[in-house]
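Take a look at the structure set out below.
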Amino acid sequence: TVDPPPDLVIEVDITHLSLNKLPLYAAIGVTEVWRYDGASVTIYTLAQDAYTSSETSHVLPSVTSAVLTQFIAESRELRRPDWLRRVREWAQSQAALD
């Protein structure tokens, strides 16, 4: 009650597979985990005591694994200011839908 668990954990695991931390995150009640494996982002959401993969974030409902994967790919192709502008425009367009 004093220090609640985070709503979201982001893992980047591109050099080699590391320890599966999902059971640890579930034990402390982390609502959602995003895991990038060097090719794509998988979103895991906590249901009961285990994680299931989901196409859409529950923490940030406009965010999907496809959008996250696309942004990562674009970050390699675009100059940083252009990429940030692209992400900002996308976020503003999503806010306008709400």
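The values are calculated or read from the model by the stated rules, or taken from the named source; none is laboratory data. In this text, all values refer to a predicted model and were calculated from it rather than measured experimentally. A quick note on method: Cβ atoms are made from the backbone with ideal geometry, for glycine too, and the neighbour counts reach across all protein chains shown. SASA here: full protein model, heavy atoms, side chains in, ligands and nucleic acids out. Shrake-Rupley method; radii C 1.70, N 1.55, O 1.52, S 1.80 Å.
Quick notes on this one:
- Scanning region 26-55 for residues that are closer than 14 Å to residue 8 by Cβ and either in contact with a Phe, Trp or Tyr (Cβ under 6 Å, 6 or more places away or on another chain) or open to solvent by 40 Å² or more (accessible area, probe 1.4 Å) (or both) turns up 28, 31, 33, 35, 41, 42, 43, 44, 46, 51.
- Residue within region 6-21 that is in contact (Cβ under 8 Å) with a residue 40 or more places away in the chain, surrounded by fewer than 16 Cβ atoms within 10 Å (Cβ to Cβ) and assigned to a loop (DSSP other than H, G, I, E, B) present: yes
- Tallying residues that are touching a strand residue (DSSP E or B) at 6+ places or on another chain (Cβ under 6 Å), of a type in the set (A, V, I, L, M, F, W, C) and closer than 17 Å to residue 69 by Cα within region 9-41 yields 6.
- Test: residue 25 is in contact (Cβ under 8 Å) with a residue 24 or more places away in the chain, closer than 14 Å to residue 6 by Cα and over 12 Å from the mean Cα position of the chain (by Cα): yes
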